[in-house]
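Here's the structure, in structure tokens; my notes come after.
We did not get these values from a lab; they are worked out from the coordinates using the rules stated. Keep in mind it's a predicted model, so treat the numbers as computed, not measured. When we count neighbours, we look across all protein chains shown, and the Cβ atoms used for this are built from the backbone with ideal geometry, even at glycine.
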């Protein structure tokens, strides 16, 4: 493809429809990016593609433009179902893709829509009953409509899997395969992923036919336009002081702060708002309308600091973001790459700062192994750490680490041992504190099941429901009730 890269210097040389070229010019674009230069001619030719590109390189246009080009020709099959289906892992990414479709199809009469979770079903049902050219969907909600018989794939000509690796990480491999199995075998398939490793390669072998493999920049490649640095924190207060130092930087215009949990995002956003920052939270528990309004406020500049979980790590495209701050490191090293990709977009310069507490060294080692380079350790004058960096990245990342909480480094209770996977018992929240650290563990035996009146003896926070001293509480018998003589099978 190197020779082709040298030949194709402008969008006009890609032989796209005049209406698409007008829209591209009106959007202010003149020259295609590397992934667009390589992928668009192959996709327009009708061949399957397996492509990998670093986030922020314009890969959305690399599949949207060929899809719109295909739709310039009339369908050979009668019906109202979509001719192009784009699957994507998150609602935010679906919104971004839909915006790109509207921008590039502005001079056409093509009809598009999106099917995502968190949106009203009746609106989506009306969309699926109407003639449709292009559909953007998240797998879970699309499966819901398919099971109700509302989706017609008889006209489908192209299937696009965007962020395929992320969809598999989120557990969508079975829905993706179920959806692809419902589409015509004659379809063209385009797969875009940050990496081809593991299940992505296996999925591609099952769904694609003789694909052209395009790899512009691997996920492990260093973001040369992003300054990446690490600040070491001794405890929660120290971490928060470092965060304030970064937020007060003169070079910061807008920032995204990533936390590990939804509760942590809400709590941190509330604290920063009380300190006078124009701040908002973004996470998966929010209604879709609230999430959209938050993103729009960020784009308008009404919000300077967005505190988010990894739901925003992919698909959030805001050009004004100058800083990404990892208040908590991600559980998966690959997510670090996508987090910091929210800054330094479109060739701009960005800054990515990771605040490292005593329990974070194991995760940092994983990130450095994945990216293939050591992140710069940076010390802020007046906020120097008193601890030294442990040898070998902190050793075992799950055992023997301190409880990095607001109340100091008290040892973690034995029953709340760390867990290496998921947001369950033992995973620290945005403040380095276990979600279970403030609540005693509830009994799991008979006492929790209830008394003879069906009422649990323990309330939701683990405290007894009875206010009387323990000596005055009624005794509860768990013995099997005796059968009353002369009445078979009747228990009183």
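List of remarks:
- Distance between modelled label sites at residue 197 and residue 384, nm, 7 Å Cα→Cβ extension: 3.7 nm
- Counting neighbouring Cβ atoms within 10 Å and putting the fewest first, the residues 328, 162, 237, 48 line up as 237, 48, 162, 328.
- FRET efficiency, 1/(1 + (r/R0)^6) with R0 22 Å, evaluated for residue 205 and residue 44 via beta carbons: 0.40
- Calculated FRET efficiency, residue 73 to residue 376, Cβ-Cβ distance, R0 = 45 Å: about 0.30 to the nearest 0.05.
- Cα-based shape type of segment 267-329, given that a ≥ b ≥ c are square roots of the gyration tensor eigenvalues and the cut on a/c is 1.5: rounded
- For a label point 7 Å along the Cα-to-beta-carbon line of residue 126, residues of segment 270-300 with backbone N under 18 Å: 289
- Relative contact order [Cα under 8 Å, 6+ residues apart], segment 293-344, whole percent: 39 percent
- Net length gained if the chain between residue 348 and residue 107 were fully extended (0.36 nm per residue, minus Cα distance): 83.8 nm
- Counting beta carbons within 10 Å around each of 63, 11 and listing the fewest first gives the order 11, 63.
- If R0 is 22 Å, the Cβ-Cβ spacing of residue 297 and residue 271 corresponds to a FRET efficiency of close to 0.70.
- Distances between every pair of Cα atoms in segment 57-192, grouped in 10 Å steps from 0 to the bin holding the largest one, split as 12, 49, 35, 4 percent.
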